[in-house]
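Worksheet for the structure shown next.
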Amino acid sequence: MDQAELNSEQVLRRDIPWETYMTTKLITGTSLQLLRRYDKKSENDRAPLLDNDGPSYIHVFISILRDIQKEETVEYVLALIDEMLTANPKRALLFHDKSLADDDIYEPFLRLLWKGSWFIQEKSSKILTLIVSARPKQNGRTANGATDSKKKITTSDDVLKGLVEWLCIQLKKPSHPSRSIPASVNCLATLLKESVVRSSFVQADGVKLLVPLISPASTQQSIQILYETCLCVWLLSYYEPAIEYLATSRALPRLLEVVKGSTKEKVVRLIVLTFKNLLSKGSFGAQMVDLGLPQIVQSLKAQAWSDEDLLDTLNHLEEGLKDNIKKLSSFDKYKQEVLLGHLDWSPMHKDPIFWRDNITNFEENDFQTLRVLLTILETSSDPRALAVACFDLSQFIQYHPAGRIIVTDLKAKERVMKLMNHENAEVTKNALLCIQRLFLGAKYASFLQA
């Protein structure tokens, strides 16, 4: 059988020669007794054993993983531990029982992350994630697994560092074609709750490895990966250095694309919460408005969600976006857009309040902004920029008392006339509007706009 396709059910069908291991002194007589009581039994039979003597079973499992190298046996014990934790994740606390203080509980799993079959690596990563996350807190901080023993014990810091390194490698260059990514994202969705993990994940350049996984999902497995990826991004949105990485990636447009088409409430909720966190950070607010998030929020609010908190978050996000639109509708923002030549249909272009409040600002530096607008008309090959420039010129004519005269003096008419024959319909439409306003004057503008 292909080792890469091995699963727990197949592994647990094996018969392990525990008696032989005792004869060769690889396990003790006590361990053999415990294994006979536990192995091949149902969850109902095992539960009281673990409730009454859980740490003893953990000690046996760790000892086997430490002392026995045979791959089939290692896989079997990992499958037993995984089965135990899947039935009740709170059993991860058993690994931190005081009676195990001298056992290096993390070492076998951390070592097995880097060797053996894919089955061994996958189970080790899952088990390590659960047990390191269950470690007890001391004075508000998580305990490090230190002990009075003189031998070196693997600490939780060692584990978290090793796990992050392994997970990033799996995201970058998967060991298994279909299971590496889901397994890694699943672990990260738990681990990134810790600030120390967020820090090391960002340092390992992990953020950019998550971004491509933010894409619309259809199958059940891909929806789960998407949900856990969004959970990771949401957790990272609380961490400033990660926010800087998200700002320079395509995370925002990808999240918008997903939220537009997703009907999964748990996915939508996480993305909306992420937007709420990022709204006030850097240029995210401006980007959200430019990408059309206000309209998407309106659409989401119209849908029937069962979660009232989601509706509250959408309302909060809507208010925050409105505040950003007000900030965006400033002449400085507009001037920057024009000077960079990056004209697009951002909200301010069609906002009457923006033009009324800022029309005299166009007179600064001998109508510098207006002159640059005319240069765009003459030199740009971008149809969107040309259409917006024609529209803005018509707005200037409408709102400035001497708009027609100024625009005529700057010889804008000839430039706009050429664009009336442009191949792009959006350009010709706005060039025509500009010429009409130039010839007919401001008093007919409202009629033309209607």
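Taking the condition of being over 20 Å from His349 (Cα atoms) and surrounded by 13 or more Cβ atoms within 10 Å (Cβ to Cβ), how many residues in the stretch 409-437 meet it?
6
Does Glu378 qualify as being over 19 Å from Phe362 (Cα atoms), among the charged types (D, E, K, R) and touching a Lys or Arg at 6+ places or on another chain (Cβ under 8 Å)?
yes
Filter the stretch 128-167 down to residues that are over 17 Å from Ser195 (Cα atoms) and touching a Gly at 6+ places or on another chain (Cβ under 9 Å) and give me whichever is modelled with the highest pLDDT.
So, considering only residues that are over 17 Å from Ser195 (Cα atoms) and touching a Gly at 6+ places or on another chain (Cβ under 9 Å), the one modelled with the highest pLDDT is Leu128.
Does the stretch 84-99 hold any residues that are within 15 Å of Pro136 (Cβ to Cβ) and either outside any loop (DSSP other than H, G, I, E, B) or touching a residue at least 60 places away in the same chain (Cβ under 8 Å) (or both), and which are they?
First, the residues of the stretch 84-99 that are within 15 Å of Pro136 (Cβ to Cβ): 90-99.
Result: Lys90, Arg91, Ala92, Leu93, Leu94, Phe95, His96, Lys98, Ser99.
Looking at the stretch 161-176, which of its residues are over 16 Å from Cys232 (Cα atoms), in contact (Cβ under 8 Å) with a residue 40 or more places away in the chain and not polar (S, T, N, Q)?
Gly162, Trp166, His176, listed by residue number.
Could you tell me whether the stretch 190-198 includes any residue that is surrounded by 17 or more Cβ atoms within 10 Å (Cβ to Cβ), without any contact (Cβ under 8 Å) to a residue 40 or more places away in the chain and within 14 Å of Lys161 (Cα to Cα)?
yes
Tell me, yes or no, whether the stretch 356-373 has at least one residue that is of a type in the set (Val, Ile, Thr) and either over 41 Å from the mean Cα position of the chain (by Cα) or closer than 15 Å to Arg437 by Cβ (or both).
Pass one, the stretch 356-373, residues of a type in the set (Val, Ile, Thr): 359-360, 369, 372.
So of that shortlist, the ones also either over 41 Å from the mean Cα position of the chain (by Cα) or closer than 15 Å to Arg437 by Cβ (or both) come out as 359-360.
Yes, the stretch 356-373 has at least one match.
What pairs can you find where one residue is in the stretch 213-236 and over 20 Å from Ala247 (Cβ atoms) and open to solvent by 60 Å² or more (accessible area, probe 1.4 Å), the other is part of a helix (DSSP H, G or I) and polar (S, T, N, Q), and their Cβ atoms are less than 9 Å apart, with a gap of 6+ or different chains?
Pro216/Ser222; Gln224/Asn186
Evaluate the following for Tyr76: is it within 29 Å of Ser180 (Cα to Cα), touching a residue at least 60 places away in the same chain (Cβ under 8 Å), crowded, with 18+ Cβ neighbours inside 10 Å and aromatic (Phe, Trp, Tyr)?
Details: within 29 Å of Ser180 (Cα to Cα): yes; touching a residue at least 60 places away in the same chain (Cβ under 8 Å): yes; crowded, with 18+ Cβ neighbours inside 10 Å: yes; aromatic (Phe, Trp, Tyr): yes.
In short, yes.
I'm told Trp355 meets every condition in (1) part of a loop (DSSP other than H, G, I, E, B); (2) surrounded by 15 or more Cβ atoms within 10 Å (Cβ to Cβ) except one. Can you identify the failing condition by its number?
(1)
In the stretch 1-42, what residues are of a type in the set (Lys, Arg), in contact (Cβ under 8 Å) with a residue 12 or more places away in the chain and within 26 Å of Glu122 (Cα to Cα)? Spell out the reasoning first.
If we filter the stretch 1-42 for residues that are of a type in the set (Lys, Arg), which is where we start, we get 13-14, 25, 36-37, 40-41.
Restricting the remaining residues to those that are in contact (Cβ under 8 Å) with a residue 12 or more places away in the chain gives 14, 36-37.
Scanning the stretch 1-42 gives a single hit, Arg14.
Does the stretch 107-127 include one or more residues that are open to solvent by less than 20 Å² (accessible area, probe 1.4 Å) and farther than 26 Å from Gln10 by Cα?
No, the conditions are met nowhere in the stretch 107-127.
When you go through (1) open to solvent by 20 Å² or more (accessible area, probe 1.4 Å); (2) in contact with a Phe, Trp or Tyr (Cβ under 6 Å, 6 or more places away or on another chain) one by one for Arg384, which number turns out not to apply?
(2)
(1) in a helix (DSSP H, G or I); (2) modelled with pLDDT under 95; (3) not hydrophobic (A, V, I, L, M, F, W, C): which one isn't true of Ser381, the others all being true?
Against the list (1) in a helix (DSSP H, G or I); (2) modelled with pLDDT under 95; (3) not hydrophobic (A, V, I, L, M, F, W, C), Ser381 comes up short only on (1).
For the stretch 251-259, state whether one or more residues are touching a helix residue (DSSP H, G or I) at 6+ places or on another chain (Cβ under 6 Å) and open to solvent by 40 Å² or more (accessible area, probe 1.4 Å). Give the steps one after another, and end with the answer.
The first filter runs over the stretch 251-259 and keeps only residues touching a helix residue (DSSP H, G or I) at 6+ places or on another chain (Cβ under 6 Å), leaving 251-252, 255, 259.
If we keep only those that are open to solvent by 40 Å² or more (accessible area, probe 1.4 Å) as well, we get none.
Checked against the condition, which is being touching a helix residue (DSSP H, G or I) at 6+ places or on another chain (Cβ under 6 Å) and open to solvent by 40 Å² or more (accessible area, probe 1.4 Å), the stretch 251-259 yields no hits at all.
Considering only the stretch 290-317, state which residues are under 22 Å from Asp344 (Cβ atoms), in a helix (DSSP H, G or I) and open to solvent by 10 Å² or more (accessible area, probe 1.4 Å).
Hits for the stretch 290-317 are Asp290, Pro294, Gln295, Ile296, Gln298, Ser299.
Within the stretch 333-349, how many residues are in a helix (DSSP H, G or I), surrounded by 14 or more Cβ atoms within 10 Å (Cβ to Cβ) and not acidic (Asp, Glu)?
If we filter the stretch 333-349 for residues that are in a helix (DSSP H, G or I), which is where we start, we get 333-340, 347-349.
Now drop any that are not surrounded by 14 or more Cβ atoms within 10 Å (Cβ to Cβ), which leaves 333-335, 337-338, 347-349.
Next cut, not acidic (Asp, Glu) only: 333-335, 338, 347-349.
Result for the stretch 333-349: 7.
Ile81 - would you say it is of a type in the set (Val, Ile, Thr) and farther than 19 Å from Ile131 by Cα?
Working: of a type in the set (Val, Ile, Thr): yes; farther than 19 Å from Ile131 by Cα: no.
The answer is no for Ile81.
Hey, Ser330 hits all of (1) over 25 Å from Leu410 (Cα atoms); (2) at pLDDT below 85; (3) open to solvent by less than 50 Å² (accessible area, probe 1.4 Å); (4) among the polar types (S, T, N, Q) but one; which does it fall short on?
(1)
Sort through Ile58, Ile81, Ile64 and tell me the only one that's surrounded by 12 or more Cβ atoms within 10 Å (Cβ to Cβ), in contact with an Asp or Glu (Cβ under 8 Å, 6 or more places away or on another chain), in contact (Cβ under 8 Å) with a residue 24 or more places away in the chain and part of a helix (DSSP H, G or I). Write out each step before concluding.
Values: Ile81 fails: in contact with an Asp or Glu (Cβ under 8 Å, 6 or more places away or on another chain); Ile64 fails: in contact with an Asp or Glu (Cβ under 8 Å, 6 or more places away or on another chain).
Being surrounded by 12 or more Cβ atoms within 10 Å (Cβ to Cβ), in contact with an Asp or Glu (Cβ under 8 Å, 6 or more places away or on another chain), in contact (Cβ under 8 Å) with a residue 24 or more places away in the chain and part of a helix (DSSP H, G or I) holds for just one of Ile58, Ile81, Ile64, which is Ile58.
Any residue in the stretch 281-289 that is at positive phi and either part of a loop (DSSP other than H, G, I, E, B) or in contact (Cβ under 8 Å) with a residue 12 or more places away in the chain (or both)? Spell out the reasoning first.
Filtering the stretch 281-289 for residues at positive phi gives 282.
If we keep only those that are either part of a loop (DSSP other than H, G, I, E, B) or in contact (Cβ under 8 Å) with a residue 12 or more places away in the chain (or both) too, we end up with 282.
Yes - at least one qualifying residue is present in the stretch 281-289.
The values are calculated or read from the model by the stated rules, or taken from the named source; none is laboratory data. Not measured: the values here are computed from a predicted model. Note: ideal-geometry Cβ built from the backbone for every residue, glycine included; neighbour counts use all protein chains shown. Keep in mind that these areas ignore ligands, DNA and RNA; they rest on the heavy atoms of the full protein, side chains included. Shrake-Rupley method; radii C 1.70, N 1.55, O 1.52, S 1.80 Å.
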